[in-house]
Structure formats: C-alpha cells, structure tokens
Amino acid sequence: MFDRFYTNVTKAPEFPLGFDWINADRPLSLEMLRGHVVVLDFWTYCCINCMHTLPVLAQLEKKYEGKPVVFVGVHSAKFFNEQDRKNIEHAVRRYEISHPVLVDRQMTIWQKYDIAGWPTIVIIDPKGTIAYKQSGEGQKELIEDTVDTLLEKHGKAGTLTREPAKISHQVMHDKSILSYPGKIALSNNKIAISDSNHNRVIITDMNGKIENIIGNGRAGFLDGDFSNASFFRPQGIAWKDNNTVFVADTENHAIRKIDLLAKKLSTVAGTGKQGPWMSSGGIGKDTSLSSPWDIIVKDDLVFVAMAGNHQIWVYDIKTDLIQPFAGNGHENIVDGGRMRAQLAQPSGLSLFADRLYFADSETSSIREVDLQSGHVRTLVGQGLFAFGHKDGHVDNALFQHPLGLCAMQNRIFVADTYNSALRSIDVENNNVSTIIGRHASGICRLGDPNCDSLGLYEPSDVKWYMDKLYIADTNNHLIRIYDTKTNLLNTLEITA
C-alpha cells in the first residue's frame with residue numbers, strides 16, 4: 001500500500017550533524033530512533049497549508065502518546081527571514097508545537113528527501129525505510145492508516161522498540177499583556193486589538209486603558225457574554241460602528257461579531273471547521289471557511305482575506321450570504337477580472353475610496369481590487385519566489401511576506417512583516433521607501449547610533465489615526481505608535 005506514495009528512495013537519509021534542534025533536549029538521529037515509526041513534517045512557517053497541518057499532527061500526537069511513534073518537524077524555509085533560528089522559535093511558540101523541530105539549514109534535508117512542496121509528510125518505518133511520502137494538507141486518515149499498519153506489522157515482527165523515546169522540552173509562556181497581537185483597528189478614539197495567542201480581543205482607549213476584554217483566554221468556539229465566549233487565535237478586526245466590531249477568528253475558520261452594548265459575541269459566518277479549497281459560499285453560519293486572516297467593513301459588506309482559499313470573500317450583513325469576491329482559488333500572482341485573477345494567501349486588507357487594497361503575502365506583493373470595474377491590479381510584487389528588501393520604483397521594489405497595510409490618499413503604509421519593517425508606497429510617484437527598518441546587525445532600538453531608523457519584530461498590521469501610525473509589533477508582543485511629525489516610535493502602555 002505504501003509504494004504508490006513513495007518509490008524513489010528506500011532508505012531514509014540520516015539527519016545531518018550540527019543542525020539546530022528546537023523543542024528537543026538533545027539532537028536526534030534516525031539511528032537512535034530505530035524501532036520507532038517516525039513522522040516527518042516538512043514545513044515553513046509562512047505557509048497556510050502548513051498551518052492547517054499542525055492541528056492534525058497535534059491530534060495524532062495525542063493518539064499515539066506512549067507508543068513508539070515520534071513526530072519531527074523539519075523546518076525548510078522559503079523566505080530569508082524564516083531561516084533564522086530565533087524567528088523559527090517564535091513560530092514554534094506561536095503555534096504551540098510540542099514535537100521536536102529540526103532547522104533545515106539551506107534546505108539540505110529537503111534536497112536529500114527530494115521534497116517538492118510544503119507541507120510534505122514522510123513516514124519512516126522502524127527499520128529506517130521510507131514507507132510514505134505525500135505533499136499537501138488533508139492527510140490525517142492516510143497518516144493514521146500508515147502508522148497503524150506499521151505498528152501492527154512491526155509489533156508482530158518484534159522490530160518495535162520496547163521503550164519509546166522520551167523527548168522533553170521547556171514550555172515557554174509569554175508573560176506580557178499581549179501575546180503575538182495580530183491586527184488592530186481604530187475608531188471613535190477606541191483601539192481594538194486581536195490578542196491572538198491569548199485567544200481574545202481587547203478594546204482600549206487611546207491611552208491604552210482596557211475597557212473591554214472579549215474572550216475567556218482559552219482556545220474555543222463559543223458564543224455568549226464576553227467572559228465566557230471564546231476565540232482561537234483571532235487575527236483581523238474591524239469596526240462597523242461605535243458599538244460593533246467584526247473579527248476574523250482565524251483558527252476557528254469563522255467570522256465573529258462583537259456587540260459592545262449587549263456585551264455579547266456571536267458568530268455570523270463559519271461552522272468552526274475548515275472548509276474545502278473550492279467553495280461557492282452560502283448562508284453565513286452554514287458555510288465552512290478557510291483561515292480568514294483579515295477583515296474590513298464597507299457599509300453593509302464585510303470583506304474577508306480568506307488566506308486558506310487564496311481568495312477575498314465578502315459577507316453581506318443584510319442577506320447573511322458569504323461568498324468569494326476575488327481570486328479563482330489558484331495560488332499565484334495574476335491580474336485581471338476579480339474572479340479570474342489569482343491571489344496567494346491574502347493576509348491584510350485596507351479600503352480607500354473605491355479601491356480594496358490587499359497584502360498578498362506569499363507573492364510578497366501589494367495589490368488592489370477596483371470595486372467599480374472589478375479589476376485586480378498589482379502595485380508592487382513580482383512572483384511567489386521574488387522577495388527581499390529593496391526600495392525604489394515600484395517595478396523593482398521588493399517586500400518580504402507583508403501581512404498588513406493601510407491605504408491613504410496617495411500613500412500606502414505596509415507592515416512588511418518578514419523584513420521587520422514599516423514601508424511606504426508613494427502611489428503618485430510610484431516609489432517605495434522604508435520608514436522603520438532593521439540594521440544588518442539586528443533589531444534597531446530608539447537612540448542606537450548604529451541604526452538609521454527604529455526597529456520592529458515581524459509586525460503584522462499598521463493603521464493610520466490622527467497623524468500617527470499604530471503598529472501591531474507581533475513578535476515583540478506590543479502595540480507601537482509611530483509619530484509621523486516627530487519621527488518617534490513609542491509603545492502603547494496597556495493597563496487594566
């Protein structure tokens with residue numbers, strides 16, 4: 001049954017010596033794991049399909065706990081930023097990965113195993129032979145069947161270890177008020193923050209004083225009053241009016257609505273389960289969604305960056321219908337009519353006049369949909385593997401996996417996430433410049449004479465409000481405020 005999945009190589013290549021391990025108290029080798037079924041997950045932390053696979057692996061880890069089955073993540077980076085061990089450690093913490101992760105330096109292991117895409121699952125039998133290899137998400141049953149068959153076969157043959165390996169790691173907890181804040185929204189002198197890894201939304205005044213906390217802090221999918229309701233790593237957030245906030249509840253694959261007057265959280269779209277790759281939509285709560293990452297409201301329409309489908313969707317508040325709005329579902333950077341265009345993991349939205357701007361993260365691009373003509377156009381960006389940090393004319397400028405943006409009259413501010421930078425697109429002059437960046441030696445800090453500008457750490461969002469830019473400084477667990485008049489970067493002090 002395994003040959004149809006893997007036919008190129010029989011023996012699993014050994015892990016290289018000297019590579020970094022995360023979530024392991026010692027370097028591992030296939031030799032020391034002889035007698036175990038070893039499940040390798042080749043992933044990179046930008047990839048939405050990899051994110052969808054992680055909960056599946058977590059479920060399987062629980063199922064096989066105490067048995068001779070070892071799960072190992074092999075992090076083979078796509079972007080430059082993802083090659084840094086510290087950044088991978090943050091991703092491991094953010095997605096609460098408990099199994100060991102091997103940092104694949106220069107994609108060495110990827111090449112040895114002849115991997116072609118993210119994610120790819122490889123299963124190695126207790127004798128060190130590759131028994132299964134398959135790319136893509138949605139493999140739970142196949143992985144389960146393969147592992148169960150190998151355990152039964154090698155249990156009968158006596159080739160299973162009698163003492164399953166015990167691999168320990170230290171669980172890190174963030175003690176800051178925020179944990180990996182994803183998105184922010186401002187209106188009527190209020191700030192709404194998706195406190196993503198605390199599974200809640202916080203509403204503060206402009207000084208950071210907390211006025212409302214929505215969510216009990218535990219991952220879940222429960223409507224109700226603020227103290228009992230639950231989210232699962234929410235991201236996008238948008239005000240409709242002074243008392244209504246919509247939330248992209250990303251890992252619940254749902255759109256939620258906060259009613260500040262009634263102090264209630266309700267679900268308007270999504271079933272709590274991930275939907276299929278291709279879908280025509282339907283009635284809000286009857287329709288399964290796929291990783292809604294950002295959200296923005298225009299009148300009675302709620303636009304959704306549906307990262308998991310490589311599309312933008314729209315929810316009509318009046319009709320309670322949600323359906324695709326732009327993108328045909330294929331992952332690429334192709335302009336044209338909105339339903340013929342191709343997008344790649346859209347993750348940030350901004351509206352100005354009759355233009356819907358979006359950060360298309362996997363193509364490291366900034367694009368727009370003309371709401372009148374329905375035409376999709378790329379402003380900056382060149383392709384799935386064209387990325388970097390380069391200022392200048394829009395035809396040559398480069399971003400690296402941007403997740404957030406804010407459009408103004410003739411300017412678009414961009415949270416250039418994997419460059420840990422705040423960038424600006426001058427639409428009138430077709431020019432890109434860096435406002436806040438990084439020094440080659442590391443993150444720049446205020447007052448550091450070696451830095452030309454101030455520092456951020458994987459910012460995921462930026463919003464303009466009263467001559468200031470509010471930034472979700474995600475990996476620093478902070479909300480930063482950049483004063484455009486004084487050129488100072490400050491921190492919003494959040495207090496109870």
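The values are calculated or read from the model by the stated rules, or taken from the named source; none is laboratory data. From a predicted model like this one, the values you see are computed outputs, not experimental measurements. All Cβ positions, even for glycine, are placed from backbone atoms using ideal geometry, and neighbour counts span all protein chains on display. Accessible surface areas use protein heavy atoms only, side chains included; no ligands, DNA or RNA. Shrake-Rupley method; radii C 1.70, N 1.55, O 1.52, S 1.80 Å.
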Lys62 versus Asn332: modelled label distance in nm, points set 7 Å from Cα along the beta carbon direction: 4.0 nm
Mind checking the full-extension length gain between Ser227 and Asp395? Use 0.36 nm per residue of separation minus the Cα-Cα distance, one decimal, nm. 55.6 nm
Going down the list Lys112/Lys153; Lys257/Lys318; Lys190/Lys263; Lys78/Lys175; Lys390/Lys468, which pairs span over 22 Å between their C-alpha atoms? Lys112/Lys153; Lys78/Lys175; Lys390/Lys468
Please give the contour-minus-distance gain from Arg162 to Leu301: 0.36 nm per residue of separation, less the Cα-Cα distance, rounded to one decimal in nm. 44.1 nm
Using a 1.4 angstrom probe on heavy atoms only, work out the carbon and sulfur share of the accessible area of the chain in %. 47 percent
Two decimals, Cα atoms only, Kirkwood Rh: what is Rg/Rh over region 187-233? 1.01
Rounding to the nearest 20 debye, state how big the charge dipole of the chain is about its Cα centre with +1 on each Lys and Arg Cβ and -1 on each Asp and Glu Cβ. 680 debye
Is it possible to state the helix-based mean residue ellipticity at 222 nm for the chain, with each DSSP H run of 4+ residues giving -39500 (n - 2.57), the sum divided by total residues, to the nearest 500 deg cm²/dmol? What is it? -3000 deg cm²/dmol
How about region 8-69: which GluC sites (Glu not before Pro) there lie in a loop by DSSP and see at most 14 other Cβ atoms within 10 Å? Glu14, Glu31, Glu65
Under the Kirkwood approximation applied to all pairs of distinct alpha-carbon atoms, what is the hydrodynamic radius of region 41-124 in Å? 13.1 Å
Tell me, in nm to one decimal, what length is gained between Thr484 and Thr244 on full extension, where the rule is 0.36 nm per residue of separation less the Cα-Cα distance? 83.5 nm
By average Cβ neighbour count within 10 Å, what is the ranking of 112-124, 210-222 from highest down? 112-124, 210-222
Between (1) 38, 25, 23; (2) 40, 32, 19; (3) 53, 23, 20, which matches semi-axes √(5λ) of the Cα gyration tensor in Å calculated for the structure shown? (1)
Please state the charge dipole magnitude for region 187-261, taken about the Cα centre, from unit charges on C-beta atoms (+1 on K and R, -1 on D and E), reported in debye and rounded to the nearest 20. 120 debye
Arg340 paired with Ala116, simple spin-label distance in nm, labels 7 Å along Cα-to-beta-carbon: 2.9 nm
If the only charges are +1 at each Lys and Arg Cβ and -1 at each Asp and Glu Cβ, what is the size of the charge dipole of region 280-341 around the Cα centre, to the nearest 20 debye? 80 debye
Sorted by average packing, counted as other Cβ atoms within 10 angstrom per residue and highest first, what order do 189-200, 138-149 take? 189-200, 138-149
Could you give the accessible area per residue of the chain, probe 1.4 Å, as a whole number in Å²? 41 Å²
Which FRET efficiency, nearest 0.05, do Leu17 and Leu142 yield, Cβ-Cβ r, R0 35 Å? 0.65
